[in-house]
Amino acid sequence: MRQENWIKLPIRSDRVGHSYFGPFRQDPEQAPLGTPSGRIEIFSATIDGFGYDDCPGHPIWLPPSEWLGSAAPEAPLHLVSPQPGDKLHSQLESALADVPGARPATLVIHPDDAATRAISTGDLLRVFNARGACRARAQVSEDIRPGVVALPTGAWFSDPGGNIDLDGNPNVLTKDVGTSKLGQGCSAHTALVDVARLDT
């Protein structure tokens, strides 16, 4: 990139080295945090009082509902759906989908998982579980760990002819529930699936 295309943003001298917790560290009594105690809290009586089984009042690791630790023969692979490299979410999909060979979307699979399924790079695939199915194009790569496959977000949902999304939309495979009763965040980027060659 040429120098004239750069924009230099000013740095405020009063913000250099600024830390949100700096005043608290220097004087916790005069600069309390916005917690009930004014201190760093590991336990929240408020959250604990909700009685949520999936979100207690203290930090804890709870296994996801779908992950390799709970995989079954009918869905042995952990699907992750990262952001696509050619757009943000599904923005610009209307232009990219018309490019020859751009759809269905590409699924990255480890050579070990590909070999057991007789899958080669470029093969048309069926990615499926009990919730749905979509097509994808195989990319066999050691850049992903065994037991995990990656199908990026962003492909628009297509007419599900033959009960399969034609363009590679991972939303047909993921659960439509929040991350917890408290957080209600997006849990759509992880699911258990299987993959097979689609010889059509």
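The values are calculated or read from the model by the stated rules, or taken from the named source; none is laboratory data. Being a predicted model, the structure only gives us computed values, none of them experimental. Positions of Cβ are backbone-derived with ideal geometry, glycine not excepted, and every protein chain shown enters the neighbour counts.
Can you tell me which of D86, D113, D53 is at pLDDT 85 or above, out of contact with any strand residue (DSSP E or B) (no Cβ under 9 Å at 6 or more places or on another chain) and among the charged types (D, E, K, R)?
That would be D53, the only listed residue that is at pLDDT 85 or above, out of contact with any strand residue (DSSP E or B) (no Cβ under 9 Å at 6 or more places or on another chain) and among the charged types (D, E, K, R).
Selection of the stretch 156-200 for residues being among the charged types (D, E, K, R) and out of contact with any Pro (no Cβ under 9 Å at 6 or more places or on another chain) yields D159, K175, D176, K181, R197, D199.
Go through the stretch 52-82 and give me each residue that's exposed (fewer than 15 other Cβ atoms within 10 Å of the Cβ) and touching a Ser or Thr at 6+ places or on another chain (Cβ under 6 Å). Residue satisfying the conditions is D54 alone. Within the stretch 140-157, track down each residue that is assigned to a strand (DSSP E or B) and of a type in the set (S, T, Y). Hits for the stretch 140-157: nothing passes. Looking only at residues in the stretch 88-114 that are surrounded by 14 or more Cβ atoms within 10 Å (Cβ to Cβ) and free of Cβ contacts under 8 Å to residues at least 24 places away in the same chain, the one that is nearest to A136 (Cα to Cα) is A102.
Contact map, the stretch 57-79: residues that are under 9 Å from V193 (Cα atoms) paired with residues that are modelled with pLDDT of 90 or more and of a type in the set (S, T, N, Q), Cβ distance under 6 Å, separation 6+ or inter-chain. Pairs shown: A75/N129.
Look through the stretch 91-108, keep the residues that are polar (S, T, N, Q) and modelled with pLDDT under 75, and return whichever of them is nearest to D123 (Cα to Cα).
First, the residues of the stretch 91-108 that are polar (S, T, N, Q): 91, 94, 106.
Next, from what is left, pick out any that are modelled with pLDDT under 75: 91, 94.
Numbers: Q91: 26, S94: 24 Å.
Within the stretch 91-108, the match that is nearest to D123 (Cα to Cα) is S94.
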